[in-house]
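These notes concern the structure reproduced below.
The values are calculated or read from the model by the stated rules, or taken from the named source; none is laboratory data. Owing to the predicted nature of the structure, the values given are computational and were not obtained by experimental measurement. Heads up, the Cβs are rebuilt from the backbone with ideal geometry, glycines too, and the neighbour counts pull from every protein chain shown. Note: accessible area is taken over every heavy atom of the protein model, side chains too, but ligands, DNA and RNA are not part of it. Shrake-Rupley method; radii C 1.70, N 1.55, O 1.52, S 1.80 Å.
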Amino acid sequence: MLEGVTIEQLRTLRAVAEEGNFSAAARKLGRVQAAVSQSIDRLEAQLGLRLFDRTGRVPVLTAHGEAVAAAAAKVEDGVGALDELVASLKRGAERTLHIVVDVMFPTQSLVAFARDFAHEHPDVGLLLFTEILSGVTAHVREKRSAWGIAIEDADLTDLDSRPIADVRLIPVAAREHPLARRQGQIERIDTSTLAQTVQIVQGQHRPETESAREDHGVFSPKTWRVVDLATKQALITGGLGWGHMPEHLVREELRSGRLVELRLDAWGSVAPRRSLVLVWRRQAVMGPVAEWAQHHLSELCKKAVEPGAKAVDPGAPHGA
């Protein structure tokens, strides 16, 4: 019954189902509408099923059509995964591994990972990228990296993910900063006081019309924006402002007293947390080196971010 059915026919059916009509599907596929109609006619004849109700002005999927379109989507995804696998084999499978991580990822874990990677896979090259927020997921989505580790606030559209570790974000200021001195006089610092001081914020400038989702935790209109945590930490330590920093990056400064953890009325007794998540393209095919790297980097990350926490299960499913 399926003899003669082509991937192109199934792709056409899926396009019509997603776009809602033949003309829109034709534009999406870069074909003329007549070719789309002929492709669907041939598919109906080969399957022996009526996929569209043509009694109205616009053809509408029948119940059979909806079921076949859903199955066609799965077939197309599988073909896409096969195509990606074949392409990687032609390039020389796992000759070089491309990975991207958020700037919040602990640097010491990257160093330990690179050292272990060189020992375990001496014949495989390694390209490590660092990006900020949705730059990580864009890197993976656009196939510039096989997979990545992003912050949960990033755009995860069309990607699969699973959490690795929770990063505790704590508000800090230099010991000499007015907020640090004021903290010794009051129980908690209110938002009106924060609004009068410069807050150092990590992130790229975006127009006001765009979502402010990535600016969660900004309490002051006086912001200095940086795109890397090293600069943010240097500005805060230099007394030029205050800001939220990952706890694992400022442990030594807090112990030495160079930085002071601020008690903010906005957070109460619980500091905000953000999850670091492993992200990969849906239906992506991972080779043994990529699988090993995912497991090992996830474990190193969790140990650094959550000292004493149970390591992630290396057998947890991720990547098809």
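Rounded to the nearest 500, what is the chain's calculated 222 nm mean residue ellipticity when only DSSP H runs of at least 4 contribute -39500 (n - 2.57) each, over all residues? Write out the running numbers ahead of the final one.
Details: 11 runs with 130 residues, N = 320.
Rounded to the nearest 500, the figure is -12500 deg cm²/dmol.
Across the chain, where is the longest run that never hits GluC sites (Glu not before Pro) in a DSSP loop with at most 12 other C-beta atoms within 10 Å? Before the final figure, lay out each step's value.
Working: sites that count: E3, E142, E176, E187, E208, E210.
Answer from the scan: 4-141.
Points 7 angstrom from Cα along the Cβ direction at T107 and V270: gap in nanometres?
3.2 nm
To the nearest 10 Å², what's T231's accessible area with a 1.4 Å probe?
60 Å²
Along the Cα→Cβ direction, 7 angstrom out, place labels at Q196 and W224. What is the inter-label distance in nm?
So the two model labels end up 2.0 nm from each other.
Starting from the Cα-Cα distance between D158 and T6, subtract it from 0.36 nm times their residue separation and give me the gain in nm to one decimal. Walk me through the intermediate numbers first.
Details: separation 152, 0.36 × 152 = 54.72 nm, distance 2.52 nm.
Computed gain between D158 and T6 is 52.2 nm.
Pick from L110, L300, L51: which is most flexible by mean-square fluctuation in a GNM of the chain where alpha carbon atoms under 10 Å apart are linked?
Most flexible of the set in this elastic network: L51.
Which option, (i) 49, 26, 15; (ii) 39, 20, 17; (iii) 35, 21, 18, is the value of semi-axes √(5λ) of the Cα gyration tensor in Å that was calculated from these coordinates?
Entry (i).
How much accessible area per residue does the chain have, counting only protein heavy atoms and a probe of 1.4 Å, in square angstrom? Walk me through the intermediate numbers first.
On the way: 16610 Å² over 320 residues.
Accessible surface, normalised per residue, equals 52 Å².
Given R₀ = 41 Å, FRET efficiency for A118-L240 by Cβ-Cβ distance, to 0.05? List each step's numbers first, then the result.
Working: r = 39 Å, r/R0 = 0.94.
Rounded to the nearest 0.05, the efficiency is 0.60.
Obtain the nm distance between the two label points defined at V58 and R182 by a simple spin-label model: each point lies 7 Å from its Cα along the Cα-to-C-beta direction.
5.7 nm
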